[in-house]
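Have a look at the structure below, then the notes.
Please treat every number below as a calculation from the coordinates, not as lab data. Keep in mind that what you see is a predicted model, and the values were worked out from it rather than measured. Glycine gets a Cβ as well: all are built from the backbone with ideal geometry, and neighbour counts include every protein chain shown.
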Amino acid sequence: MADSTFPSLLEALKTAPTAPDAKAAADRLAKAVSTQGLQSLHDSNVLSTLQAFATNKKSGYERESAALGFHSLATVLGPPVAPLLLPYLAILYDLLMDKGDVVRNATSATLKAILKLFPPEATGIVFRQLETILDDGKWRSKVSVLDGLKSFVSPARDAVAAQLGTTLPHVEHAMHDTKQEVSSAAIKCATSLCTTLANADLTPHIPALVKCMAQPDSVPACIKALSNQTFVAEVTAPALAVMVPLLQRALNDRSMEVQRRTVVVIDNFVKLVRDPRIAATYLSCLVDGVEKITKGAAFPEVRAFGQTALDTLLKSGASSSGPPPEHRDIEAEIKEALSALYTLLPDEVSVVSPGNPNGPRNPKYTLLDASLKYQATLVAELVYNRNFRDTAIWERCVGVYMSNWLGKDKASSFAESVRLHFHAIDQAKYKVATGNANEEGELLCDTLFSLAYGALLLLSHTTLRLFRGRRYGILGSNGSGKSTLMRQLRDGKVENFPPPDQVKCVMVEHSLQGEDTSLSVIDFIAADKALAGVSRAEIKTQLANVGFDEDRQNEIVGGLSGGWKMKLELARAMLYKADLLLLDEPTNHLDRASVQWLEGWLMAQKNVTCLIISHDSGFLDNVTTDIVHYEQKKLVYYPGNLSSFVAIHPEAKSYYTLAATSVKFSFPSPGSLMGVRSNTRAILKLSNCTFTYPGRDKPSLYNASCALSLSSRVGVVGPNGAGKSTMIKLITGETTPQEGTVYKHPALRVGYVSQHATHHIGNEERHIEKTPIQYIQWRFQDGHDRELLEKSTRVLTDEEKKVLDQDWVGKNGSKRKLEIIMGRQKLKKNFQYEVKWRGMDHKYNTWVPREDLLAKGFTKLVQQFDDLESSRDGAGARDTTSHLVRKHLEDIGLDGDIAQYNEISGLSGGQKIKLVIAACLWNNPQICVLDEPSNFLDREALGGLAVAIKEWSGAVVIISHNHEFVSSLCPEIWNVENGRIIQQGKSAVVEDTLDTPKGSGKNTPVRSRLQTPVASRAATPAAGNRYNNPSPRVTRKVGSDGFVADTDADLACHHGGDAGTTAIAEAPAGSKITFNWAYWPGDHQGPVSTYMASCGGECASFSANDAQWFKIDASGYSAEDRQWAAAKLITGGSSWTSTIPQNLAAGEYLVRHEMYVQFSDARTLKLSS
């Protein structure tokens, strides 16, 4: 391809008298190359001649001509020439040290023009060249290289971010250059490069991070700032490339404070590294440093933080001694890509290899070979990243560089052939496991896609391959992204999925969110704009097909049970005439008959494809034709039903059993109830309750009576719409009956989990943007359950507000109006309440018996105060700091990082259920009501829940259609049919509710001052299950927790204990005994004493009235500390330790611990003289 015109063109460039002449000569040279082809650069010695010009130390004209010549080649020939100019970058950067300004200016413009030729995919290739020059070049060359690196930030942000780990160390080295211009340019370059991190948490700290590279002594200040940062964004390789060197330096700092802050940052930061391979690559170097602090730090606190950080590091995938991260053989990948390019070369630019006639053909031209080697590097990276869908990238990485050799059209065809070649290899390598070589039917979709939620990658380059008429069951753990996939398909956000006009995709929802549920069923369907063309008769027919008779079609949608709402959604989906039906837990709210109907209907559909998520193993077994399993961010397909899948994967047998092999739930102990000494005493009771929903003539619940005790384990079963959820709403206080009464112990706390998790959290805008931790902190921030105060049974109606204005007439005829209830105390076997009167001072407050307040119509006011009081021993006694709430959520099976960083709106159904269960248990309830708890939970989580319920010591009520779950936990069954309750099995209620005799209502001045609104906490030593202490524990409680008169038997501190007990703790003489009090108010001060009495035999048959008590421990007022012994007890965690005398004879003894409360009484006195 040599041409005789080139020598004269090169000579003209060499001898040009002025810069414009040289520029014109360079343009003519470049146009000649464009005409003759790129090979002329070699054959006519164009490149070698320009190199000779550039290195001629004697002629500044030739050096300027060389720069102008390279500039014209870049601007005239464009990107195809870029690979051929790459080797000459070092020579051009050397020209920047030229003494002549014109040479330097021309060279600077040339370098900018050449660097602009490279696409983002070539960033790594170019950066390797520039790094070498940065390390070895002269100072002006270094400054220019740093500017060149910065120039890639804007057009190739992601590509630059991927290179940070390799490039930043070279830039950091330049920061310490002796030349001020270099160090200054390096700092600016590093700051610019770090803006590509795409990590919002680190963005504010970029200047400080760069300063640490330039000035290592600024590391402590940077670590301090980072330790105050809340990290929420996923941490990727670029962020680690910047952070890890800083953390390494900080771990070696001598300051214990810096070490402490560093391990805290590591713990918080590393939790957000999702990819174990990235963790192994970048974080392993931190393990030794953290381990050193864990073992050798001087302060225990620092060692503890170090251990936490070490655990997080190892959990992420980092290891100091484990196997190295998977090695990538880049040279082999490039070699393989180059071989494919040789093989696919068209005949006009290739020749048979002399040494291997049957092997790949060789390029006909030497410069084409150089270009192909460059292209092979880009292709290898595309293949590694499995980027086969974007044809524009393949055109940019192959087609553009072949255009000067083949022409534009043939070059594009060549690029496409290369893409298809490697795509076919990739498909064979990652072949979708269908397991069925004889798939029949119409292929509905065959889509390659990835799926992410926020920064969390759920599925990566996987295939959704569906055939018409088949029913696919989707299996995966909670949080793996099953429901997210459903929602993305529903919303049309799955990449490459066929548009709606080709595949009609309909999702069956659970809760009719955002729709008008005040309409009748028939009107609700008819109002759907998507069904505008469907006749009312057709709607009626379809509704009848799912069980809606004429009467039920006219019912209000809002009054339907969960099961009937699901049927309504199924009917609507059928009217949509869907190609692909998405069913997310369709059986959750269906009774057995409805599930059987659904199974039959689904199996009868031959033209509808179904994607089904369900934790009902029997349902999946009956309906599925295929199983789609989440495996390492891929969808893997298995023919057959769930049984067939388990035969292949025996570890999946948990889908059939309530096993808790990996999921452990731990429920907090319920609190004790004042006056309830038996687990079989009724603490909540429905008596002859009838309830009718607005707009209905027939009651949903009729004349229902039932009771619960602390030992109750009740399963509630019955068909959809029978009244199960209505009964539960009466128990939990969601609604009030129109007839009958609901009694509950005044101090009772009831936890409730609705059958729709969104009932609590999902439908309220104020909650969906909270994290799970923030939701619990909001709900219990005041020491009580805010949700409880919103129940209809606690909100005063207008009529009840008028009752507040009624007059109370005293014995002397005076009239008063109630303002507020301020306190509560025990009155015999019931309660009395401290009432503040409107417009009167607190000294006129009066104690009024509970039954008097109820008789006057103040039921809700009393219930409100009871709720607040009962919460004091529940949520009021718990700290809502983030780490404690996180621990509580982890105990209920929710991942701690998800609890702390993920918004509720993005949680899966299973995760929402766990959050609601955790919130229900935060108040330490004595009764836990679970409405369809098996909804959304996978089998292992369900097994963990079952084990926790069995071990819990409170009462449990479970509504569920999951017969296996209910029968394994509940010996007592309430069968609800047609609004009536039929009780079956063994009842746990033996004794009736607390007696409520009428009290005298008498008050004394001492009583009035004794109790405050918090005084009901001041009880006797708490029941055993309040404290998780392995030591022997026995309690004999004083029955009355209020004021005792000097004639009251309670003074002997054995009230209610005469019957004896068989529970006894063994202890040797001389050992210590600790008394734990549930609570003792700070304003109740006085002495503390401990007594013992011998039972003279077995205490079980000993009458406490005959006890001869002797004192073993006593403490009163300390003049030195100026405080009573009760104050020491309070500061000691409400506990007191006494020592059993060493010389006591063996035998059974009673132990009595008591505190005396000191009160003063002020009176007005008039002296006559």
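Could you size up the charge dipole of region 270-312 around its Cα centre, putting +1 on the beta carbon of Lys and Arg and -1 on that of Asp and Glu, and report it in debye to the nearest 20? Dipole magnitude for region 270-312 comes out near 60 debye.
Does region 330-429 come out rounded, prolate or oblate, given a ≥ b ≥ c as the square roots of the eigenvalues of its C-alpha gyration tensor, rounded meaning a/c under 1.5 and, failing that, prolate meaning a/b above b/c?
Values: a/c = 1.70, a/b = 1.24, b/c = 1.37.
Cα axes put region 330-429 in the oblate bin.
Near the amide H of Asn923, within less than 5 Å, lie no amide hydrogens of residues on another chain or at least 5 residues away, with H placed in the peptide plane.
Rounded to whole numbers, the Karplus 3J(HN,Hα) couplings from phi for region 1066-1072 are 9, 7, x, 4, x, 7, 9 Hz, using 6.51 cos²θ - 1.76 cosθ + 1.60 with θ = phi - 60°, and x at Gly and Pro. Cross-link reach is defined here as a Cα-Cα straight distance under 21 Å, omitting same-chain residues fewer than 8 places apart; for Lys295 the lysines meeting it are Lys315. Whole-Hz Karplus values for region 680-694 come out as 9, 7, 5, 10, 8, 8, 9, 10, 6, 8, 10, 9, 10, 6, x Hz, taken residue by residue from phi with 6.51 cos²θ - 1.76 cosθ + 1.60 and θ = phi - 60°; glycine and proline positions read x. Straight-line cross-link reach from Lys179 at under 22 Å between alpha-carbon atoms covers these lysines, not counting any fewer than eight positions away in the same chain: Lys99, Lys138, Lys142, Lys150, Lys188, Lys211. Among the listed pairs Lys664/Lys724; Lys540/Lys567; Lys744/Lys826; Lys335/Lys373, those with a Cα-Cα distance over 18 Å are Lys664/Lys724. Between the listed residues Ala74, Leu9, Val46, the Cα displaced farthest toward the positive end of the dipole of region 1-117, a dipole computed from Cβ unit charges relative to the Cα centre, is found at Ala74. Amide hydrogen proximity for Thr735: with H placed 1.01 Å from N in the peptide plane, the residues at 5 or more positions away or on another chain lying under 5 Å are Leu730. First check a/c for region 183-230, with a ≥ b ≥ c the square roots of the eigenvalues of its C-alpha gyration tensor; if it is under 1.5, answer rounded, and if not, answer prolate when a/b is larger than b/c or oblate otherwise. Taking the square roots of the gyration eigenvalues as a ≥ b ≥ c, region 183-230 is oblate. Of the GluC sites (Glu not before Pro) found in region 285-390, the ones in coil according to DSSP and having at most 15 other Cβ atoms within 10 Å of their Cβ are Glu326. Considering only Ile187, Thr167, Pro120, the residue lying farthest towards the positive end of the dipole of region 119-197 is Ile187, judged by Cα position with unit charges set on Cβ. Please order Ser227, Ser709, Ser535, Ser339 by the number of other Cβ within 10 Å, starting at the fewest. Listed from fewest to most nearby Cβ atoms, that is Ser535, Ser339, Ser227, Ser709.
How large is the charge dipole for region 330-429, taken about the Cα centre, if only the Cβ atoms of Lys, Arg (+1) and Asp, Glu (-1) carry charge, to the nearest 20 debye?
40 debye
Once a ≥ b ≥ c are taken as the square roots of the eigenvalues of the Cα gyration tensor of region 60-154, is the result rounded (a/c under 1.5), prolate (a/b larger than b/c) or oblate (a/b not larger than b/c)?
On the way: a/c = 1.92, a/b = 1.18, b/c = 1.63.
Because a/c hits 1.5 or more and a/b fails to exceed b/c, region 60-154 counts as oblate.
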